[in-house]
Structures are given as structure tokens and as C-alpha cells.
Amino acid sequence: MATTQLIDIIEPAKFTDYILQNSMERTALVQAGILARNAVIEAQLNAGADSFTVPFWNDLADDEADIVNDNPATNSTPGKLTAGKQVVRKSFLHKSWSSMNLASEIAGADALGRIQSRAGAYWDRQLQRRLVGTMNGILADNVASDDGDMLLDISGETGDAAKFSAAAVIDAAGTLGDQLGSITGIAMHGDLYRAALKADLIEFVRPSEGSLTLPTFRGLVVIQDDAMPKDDVAGTYVTALFGVGAFGYGVSAPRIAAGTEVENLPSSGNGGGQQILHSRLNVAVHPAGFKWTETSVVDESPSLAELAAAANWARVVERRAVPLAFLKSKL
């Protein structure tokens, strides 16, 4: 009986291209506009260093306009344009999966389709989890450094006033002031999502041709993830509201190492052989209006826990310029 082996069916370059395309175009995060593909980030992923700086111009100050008069001795005082910078951190990631040749031979099935779909789904979930970790980090920084001006906390109220609701979502978006209309997506814990389903508050829409459907909450695209903050003791949850482009991102294959590599171990399994599929990506997910401070990172790339640490983030723009808000509530 012939056996299908990874080394026979995986074309590394094509497999890497598949993973990159899937991560950049087919995830719900991209469909929702929460993650915006950023050409500057992508270009820098293949450059040296573990982080890079993106300078930007601040908006003109809203000072009152001068009142014109006819006194030649009165001169106007010009304003000035100020600049800032965002620091973006890269992450160098790898995951591998092994398969015994004997298992493939007994199965007698072409594993390529299954491997591609599951590897792509794995990296999609990783991208989403790094987004959630980053959200948790900038929220923690906002509470610690900016008096929580991006957060509406109703968890201390009594009865229904403390619970997640459409009205509370609107009030949380209101922390953006006159920019509240920019909110297009909402990320919530699975407990809240199930409660919203039961209350018939979730609708499913198909944004374009294809089989992908997206859950929506009052017109906002829903991302559900149990990594969203939950306090089991207090019974509180944190929900995030996104505007378009709240996060920029880039994904690329490594510049030196192969993006996809198959390792063959002939002696494994007492000579039956084992194959290991290695998948590598360079990734950067960055929130608009923030800089990475690199205060507490142990290894060469930040872990999910380090992304969620307040000490590693600092906001560098005014509150209204960040298309992001948070709601802390009970179920």
C-alpha cells in the first residue's frame, strides 16, 4: 500500500503563501475592519531589529481663531505642528506538528487538505489571541496612566444597571466623544456572547461572496474569545469596542529561516519514520495611538502575558484619536 507523507505533499513556498494569505484576508478580524493590513509594518517585519518607530504628525490644536483688528502694532502668534512616535514590536513565532509515517500509511488518506486548513486556522487563532492580549495591555495601561478614560465601568452598579446591555455599549462608545460613530466591532467573552444569543441580540451576516458568515451585535461585528478579561470572583467581564483600523498588523515569512520546513526523522518509530512540519511567521499587531515600551520582556518576542502587561504600553495621542473603548460589566 502506498503512503502519503508530508514531505511528498507539502511544497514549502506554496504552503507558506497559503498561511500568509489566509491570515491576511480570511479572518473575521480583517473582515470586521478591526485589523488593518499595514504596509509599513509588513516592510519592517523583514528588516533587522525587534522593533521599529513610526513617526506621525499630531492634529492642529483647537485654539480659538484670532479676532482680526486694524491695529498695525498687534501681531498674531502662530501655532505650531507637533509630532509624536509609535513604537511597534515584532514577534517571531514558530509552531510544529509531527506525524508518524506508520499512522499515515494505515490511514491511507491525503493529509494535505487537512493540514492546510488546520494550520491556517491555528495561525488565525494565534493572531486573534495576540490582538486580545494587546487589548488587555493597553486597557491596563489606560487605567493605570490615563484615569481609565477609555473605560466605562458599570460593574459596581446594582441590579440590571450593572449588566451588559445595548445601552451600556452605547455609553461605552460615548467615551470617544463625537467619534463614537466610528465603532464597528465588539469583542466579548463567550459567556456574554451566549447570553446575547439567548436574548436574540446576535444576527449573522455574510459580508461578501463565500461561505463565511459573521455574527453581529446591533450592527457591530462580534469577536468572541474567552481570553477577554473575566473576574470569576467579582463576576465581571470586560468588553472591547473597535473602530476601523484600531489595530494595524503585518504578517510575513521569516527573512532567513524557511517559512515552512519538513523535518524527516527516519529512525523514529523503530525505523518507521516520523515527519515534523515546522511553520514560522513574523507578526506585528499594533494599536493605533500607542507605543510599545519594552519594559518587561524575557525572551526574544513578547508572550501573550507580556502583551497584556500595562508596563509595556503607553498612549501617545489624545483619547478621541484612539478608535477603541471598553465596557466593564456583569453578565
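The values are calculated or read from the model by the stated rules, or taken from the named source; none is laboratory data. What you see is a predicted model, and the numbers here were worked out from it, not measured in a lab. Ideal geometry is used to build each Cβ from the backbone, glycine not excepted, and the neighbour counts take in all protein chains shown.
At a glance:
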| quantity | calculated |
| --- | --- |
| Close pairs (7 angstrom Cβ cut-off, 6 or more residues apart or separate chains): over 12 Å from L281 (Cα atoms) and at pLDDT below 75 in the stretch 10-21, surrounded by 12 or more Cβ atoms within 10 Å (Cβ to Cβ) and of a type in the set (S, T, Y) anywhere | I10/T260 |
| Residues (outside any helix (DSSP H, G or I) and over 15 Å from P287 (Cβ atoms)) located in the stretch 38-49 | N46, A47, G48, A49 |
| Enumeration of residues in the stretch 277-291 that are more than 13 Å from F247 (Cβ to Cβ), modelled with pLDDT of 90 or more and either buried (at least 23 other Cβ atoms within 10 Å of the Cβ) or in contact with a Phe, Trp or Tyr (Cβ under 7 Å, 6 or more places away or on another chain) (or both) | S279, L281, N282 |
| Matching residues in the stretch 75-109 - criterion: being closer than 19 Å to S51 by Cα and either part of a strand (DSSP E or B) or at pLDDT below 85 (or both) | G84, K85, Q86, V87, V88, R89, S91, F92, L93, H94 |
| Selection count where residues are of a type in the set (S, T, Y) and free of Cβ contacts under 8 Å to residues at least 12 places away in the same chain, scope the stretch 252-275 | 1 |
| Test result for F52, at pLDDT 70 or above and part of a strand (DSSP E or B) | yes |
| Of all residues making up the stretch 315-328, the number that are part of a helix (DSSP H, G or I) and small (G, A, S) | 1 |
| Candidate set: the stretch 292-301, residues that are touching a Phe, Trp or Tyr at 6+ places or on another chain (Cβ under 8 Å) and not aromatic (F, W, Y); chosen: the one surrounded by the fewest Cβ atoms within 10 Å (Cβ to Cβ) | E300 |
| Residue that is farthest from Q224 (Cα to Cα), among those in the stretch 23-39 that are at pLDDT 70 or above and either surrounded by 12 or more Cβ atoms within 10 Å (Cβ to Cβ) or among the charged types (D, E, K, R) (or both) | N38 |
